[in-house]
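A.B. asks: Before anything else, here's the structure in question.
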Amino acid sequence: MGQPGANGVNNQKAYQAKEPEGTAFVGSCQNFFGVVVADKSAQFDDGREIELLHFVYGHSSIEEIRGSPSGVLKAIDDYARTKKYLMNVGEEKGRIVTNLISEVKPQTMVELGGYIGYSALLFGDAVRKAGGKRYFSLERDPVFAAVIMSLVDLAGLSDVVEVVVGPSADSIKRLHSSGSLAHIDLMFLDHYKPAYTTDLKLCEHLQLITPGSVLAADNVIHPGNPPYLEYVRSDVQTKRVRSEKGIQNGDDAAHFPDYSKNQYQKRQGDEKLSTEVKGNPNLVYESRLVDSFEPTGEPVRLHHYDFHICTCLTIHRMV
Ligand SMILES: C[S@@+](CC[C@H](N)C(=O)[O-])C[C@H]1O[C@@H](n2cnc3c(N)ncnc32)[C@H](O)[C@@H]1O
């Protein structure tokens, strides 16, 4: 038996389900020691997401699951443990974010990349318990988004969680211009790696990120996101100079390994990044890597310090 998960659910083994032969493409990457390892995050979009829905709705405990976020999460864990791997946020990282939610008490939280809704259920529930009002789950793939909506409805979280379908940058602009999104208290970045920096700059530009806003970014080491880390760690002066010179903070896809930049291409096509947006170089961030492990069954060292949290502290005024 594994350890209880962040939601009180046992999901220790959720990431260890055996892959049947002939399933989805399995990418690979190198760990810190240069050893090639299978990239479990490349295993998706082979029908398992719809199979999950049938599994959950056909669950023997469906009546107890209804209206219970932890019940739905447990059913998802059951599927991942007994059927197929799902690229959900893991137990450790889930706990880091739910702890952050209790600390920050966000009125509005945004996640970039919803997949089948595990993080939306876990964090949307935590936001509601912390007195928050809205959890926007931005998901590019309409089929995945439909799965999220169905599970959010089943869990009774539709009053808090709003699923927004489409590429994150388009959704952010649309939510902002319609007045639905005026400020982001907490943002979870877990989608297309090269879009972390461009989407952050877009949010800065629209003044959605201001002092007090907190960013939680997954996979900054594996598969890695050097441009994002560089941007949030740069001092104001450096960012101003780069911005004035029109230098992108390395946010184009060339800075990422192929398996990472092509991860969602098969079905969703090329991702368009809003590289024209310069962001607000005057925002000062406090940044820290968080010690975390992902329960994939791989050596835990691989995912050490893979989660990044930063808080926007202040706006540096020009003198
Ligand atoms: C790692 S999964 C998210 C997992 C989810 N946060 C969880 O923990 O349960 C990444 C998701 O990002 C989505 N995605 C990729 N590019 C995107 C974009 N530009 N905008 C929104 N979603 C995107 C993918 O379709 C995929 O479902």
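A.B. asks: What are the trypsin sites (Lys or Arg not before Pro) within segment 128-162 that DSSP puts in a loop, where the Cβ has at most 15 other Cβ atoms within 10 Å?
C.D. replies: 133
A.B. asks: While we're on this one: Counting other beta carbons within 10 Å of each Cβ, put 60, 287, 119 in order, fewest first.
C.D. replies: So the residues, fewest neighbours to most, are 60, 287, 119.
A.B. asks: Let me know the shape class of segment 47-91, please: from the alpha-carbon gyration tensor, a ≥ b ≥ c as square roots of the eigenvalues, rounded when a/c is under 1.5, otherwise prolate if a/b is greater than b/c, or oblate. Present the calculation step by step, with values, prior to reporting the outcome.
C.D. replies: Values: a/c = 2.07, a/b = 1.31, b/c = 1.58.
Oblate, because a/c is 1.5 or more while a/b does not exceed b/c.
A.B. asks: Given Cα pairs under 8 Å that are at least 6 residues apart, what percent is the relative contact order of segment 20-315?
C.D. replies: RCO, segment 20-315: 17 percent.
A.B. asks: Separate question: Compute the semi-axes of the equivalent ellipsoid of segment 20-315, taking the square root of 5 times each eigenvalue of the Cα gyration tensor, and list them largest first in whole Å.
C.D. replies: Values: eigenvalues 172, 106, 61 Å².
The equivalent ellipsoid of segment 20-315 has semi-axes of 29, 23, 17 Å.
A.B. asks: Using the structure shown, select from 245/272; 193/266; 105/133; 74/129 the pairs with a Cα to Cα distance greater than 20 angstrom.
C.D. replies: 245/272
A.B. asks: If you don't mind, another one. For segment 20-315, give the share of DSSP beta bridges that are antiparallel, in percent and rounded to the nearest 5; count only bridges with both residues there.
C.D. replies: If I count the DSSP bridges inside segment 20-315, around 45 percent turn out antiparallel.
Bear in mind that the values in this text are calculations on the coordinates, not laboratory data. This structure is a prediction, so every number in the text was calculated from the model and none was measured. Methodologically, a virtual Cβ is constructed for each residue, glycine included, from the backbone with ideal geometry; neighbour enumeration extends over all protein chains shown.
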